[in-house]
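The values are calculated or read from the model by the stated rules, or taken from the named source; none is laboratory data. As the structure is a computational prediction, the values presented were derived from the model and not from experiment. Backbone-built Cβ (ideal geometry, glycine too); neighbour counts: all protein chains shown. Heads up: the accessible areas ignore ligands, DNA and RNA and are worked out on the full protein's heavy atoms, side chains in. Shrake-Rupley method; radii C 1.70, N 1.55, O 1.52, S 1.80 Å.
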Amino acid sequence: MTFPHTIDVDAPVVVRRRITIDAPAAPVWRIHTDIDAWPSWNPGIETARLNDPFAVGATFRWLTGGLDIESTVYQVVPGEHVIWGGPAHGITGIHLWTFTEEDGRTVVSTEESWSGDPVLAQPREMHRLLDESLEAWLRHLKTAAEQA
């Protein structure tokens, strides 16, 4: 099976965000990729369960905003970046996370694309929802990593 190596830049909704975290990349990466622990630091996630070891092809289920999502890990470069995604409720999402350490701090960049009929029906609303979601996720990741 061939997996995407980047987001769908032609999708109707694409959001890019970044944040600088006052912590080295290794612990930020560990927090971010410990999927089962997401609900402990991200209040937007009700449940999360990794079904396989965290590697290409692994799947995980998570519940956020009332949406039950199953994602597949498409690409992993440990400590540097991860891409996951999949279909959920008519939306195909592809999510790229990049971790870059600079002087003991970590810049976390995220890009996500959404396509599908629900997105085409309400692109502005879907863009707003995704943008707010990624902003909150980054903010919660920063708090968790800086308190670790």
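Points to keep in mind about this one:
- The residues of the range 123-148 that are farther than 20 Å from GLY79 by Cβ, open to solvent by less than 60 Å² (accessible area, probe 1.4 Å) and charged (D, E, K, R) amount to a single one, ASP131.
- Selected residue [within 18 Å of LEU130 (Cβ to Cβ), open to solvent by 30 Å² or more (accessible area, probe 1.4 Å), touching a strand residue (DSSP E or B) at 6+ places or on another chain (Cβ under 6 Å) and among the hydroxyl-bearing types (Ser, Thr, Tyr)] from THR20, THR47, THR64: THR64
- Of all residues in the range 104-122, those satisfying the criterion of being open to solvent by 40 Å² or more (accessible area, probe 1.4 Å), assigned to a strand (DSSP E or B) and not aromatic (Phe, Trp, Tyr) are ARG105, GLU111.
- Filter pass, SER71 being of a type in the set (S, T, N, Q), surrounded by 15 or more Cβ atoms within 10 Å (Cβ to Cβ) and either in contact with a Cys (Cβ under 9 Å, 6 or more places away or on another chain) or farther than 22 Å from ALA37 by Cβ (or both): no
- Selected residue (only one of HIS127, HIS95 is closer than 14 Å to ALA11 by Cβ, assigned to a strand (DSSP E or B) and modelled with pLDDT of 95 or more): HIS95
- The strands (runs of 3 or more DSSP E) found wholly in the range 1-73 and carrying at least 2 residues that are under 15 Å from ILE83 (Cα atoms) occupy 13-21, 59-64.
- Contacts under 7 angstrom Cβ, first residue in the range 38-56 being under 21 Å from PHE3 (Cβ atoms) and at pLDDT below 95, partner part of a strand (DSSP E or B) and open to solvent by less than 80 Å² (accessible area, probe 1.4 Å), 6 or more apart: ASN51/THR59; ASN51/PHE60; ASP52/THR59
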